[in-house]
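All of the numbers you see were taken from the coordinates with simple rules; none came from a lab. On a predicted model such as this, the values are computed, not experimentally measured, just so you know. For neighbour counting, all protein chains shown are included, and Cβ atoms are generated from backbone atoms with ideal geometry for every residue, glycine included.
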Amino acid sequence: MHVLVTAGPTREPIDPVRFISNRSSGKMGYAVAAAFAARGHEVVLVSGPVALAAPAGVSRVQVQTADEMLAAVSARLEWCGALVMAAAVADWRPRRAAAAKLKKAAMPVALELEAAPDILRALAERKGGRVFVGFAAETGDPLPEARRKLREKKLDLIVANDVSRAGSGFEADTNKVTLLPAGGAPIDLPLMSKRGVAERIAEWVLDRAAGASAAAAET
Ligand code: PMT
C-alpha cells in the first residue's frame, strides 16, 4: 500500500527569525511511518521541523508552514491509498510576516492572526476510496471534540488523545488514545509506547483497506 503520513508541527512566521508553533516533537507521526514501512508498505512522510531522523525505508519531505504541508500532501494524494495526519498543523498564523527582523523597540502590541489552511478539510472532496485518519489533540476528555472532527473532516478513523495526561500527547514517548472509527465502536487503548499505538493504527488501516478491496471484488 502507498501510505502518506504527516508529523511534527508547522511554523508560521512572524518575521524571518520568529514564528508561532506548538510542542509537537514528531514522535507519534514518525512511529506511524515506521510501523507501515516495517510491514513492507511504501511510505512518504511529510514532516514539519523536528529533531528526528527519517525512519528506515521511509521517504521524507520536509516542510515548515501549513501552506507547504498542504501543498506537499495535496501533490501526493492521488498516489496514496491511505493518509494519516498526525501533524499538529497550525490553526492560526500571523496575517502578515515581516520581511525583515522586527526591532525589539518596535514590539507590536498585538499580532493580527488569520486561519491557516485546514489540510484535512481542504482534501476531503478528493478522498475517493482512500482511508483517511486524523488525530484529535484535546486537553480533557477528547471524545466529544474527536467525534465532531471525525464527522466534519469526513474521516474513517480519528485517534483521540488527551494531551493533558501524564505520559500522553506532545513530546512523550508514550500515548494514551482511543481509536474512534466512523460508524464503529470506540477502541480504548491503554497507555503504551507511541510505536505500540502506531502498530494499532496501521493494523486498523490495513484491515479497513483489505475489507474495502474484498467488497469491491465481490461487486
Ligand atoms: O508529535 P508528538 O510530540 O509525538 O505529539 C503527538 C501529537 C500530540 C501531535 C499527535 O498525537 C496529535 O494529536 N496530532 C494532531 C494534533 C492536532 O493538530 O490535532 P487537532 O485536533 O488540532 O487537529 C485535528 C486533525 O486535523 C489532525 O489530524 C490534524 O493533523 C488535522 N489538521 C489540523 C489543523 C489544520 N490546519 N489542518 C489539519 O489537517
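Computed values, structure above
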{"read-out": "Some residue of the range 9-22 being within 16 Å of the chain's Cα centre (by Cα), surrounded by 19 or more Cβ atoms within 10 Å (Cβ to Cβ) and not in a loop (DSSP other than H, G, I, E, B)", "value": "yes"}
{"read-out": "Meets criteria (assigned to a helix (DSSP H, G or I) and either aliphatic (A, V, I, L, M) or buried (at least 18 other Cβ atoms within 10 Å of the Cβ) (or both)) for A212", "value": "yes"}
{"read-out": "Single condition L179 does not satisfy, out of (1) assigned to a helix (DSSP H, G or I); (2) within 16 Å of the chain's Cα centre (by Cα); (3) under 20 Å from V32 (Cβ atoms)", "value": "(1)"}
{"read-out": "Sole residue being free of Cβ contacts under 8 Å to residues at least 12 places away in the same chain and among the basic types (K, R), chosen from K104, K127", "value": "K104"}
{"read-out": "Unique residue being closer than 21 Å to R200 by Cα, within 13 Å of the ligand (Cβ to nearest atom) and surrounded by fewer than 19 Cβ atoms within 10 Å (Cβ to Cβ) when the list is R147, R151", "value": "R147"}
{"read-out": "Those residues of the range 195-206 which are out of contact with any Phe, Trp or Tyr (no Cβ under 6 Å at 6 or more places or on another chain) and closer than 14 Å to V3 by Cβ, in sequence order", "value": "A198, E199, I201, E203, W204, V205, L206"}
{"read-out": "Positions within the range 90-114 being within 8 Å of the ligand (Cβ to nearest atom) and either in contact with a Lys or Arg (Cβ under 8 Å, 6 or more places away or on another chain) or hydrophobic (A, V, I, L, M, F, W, C) (or both), in sequence order", "value": "A90"}
{"read-out": "Residue list for the range 31-52, filter: of a type outside the set (V, I, T) and more than 15 Å from the ligand (Cβ to nearest atom)", "value": "F36, A37, A38, R39, G40, H41, E42"}
{"read-out": "D173, sole failed condition from (1) surrounded by fewer than 15 Cβ atoms within 10 Å (Cβ to Cβ); (2) of a type in the set (D, E); (3) within 12 Å of the ligand (Cβ to nearest atom); (4) over 26 Å from A34 (Cα atoms)", "value": "(4)"}
{"read-out": "Residues located in the range 9-30, provided they are within 12 Å of the ligand (Cβ to nearest atom) and in contact with a Phe, Trp or Tyr (Cβ under 8 Å, 6 or more places away or on another chain)", "value": "E12, N22, R23, S24, S25, M28"}
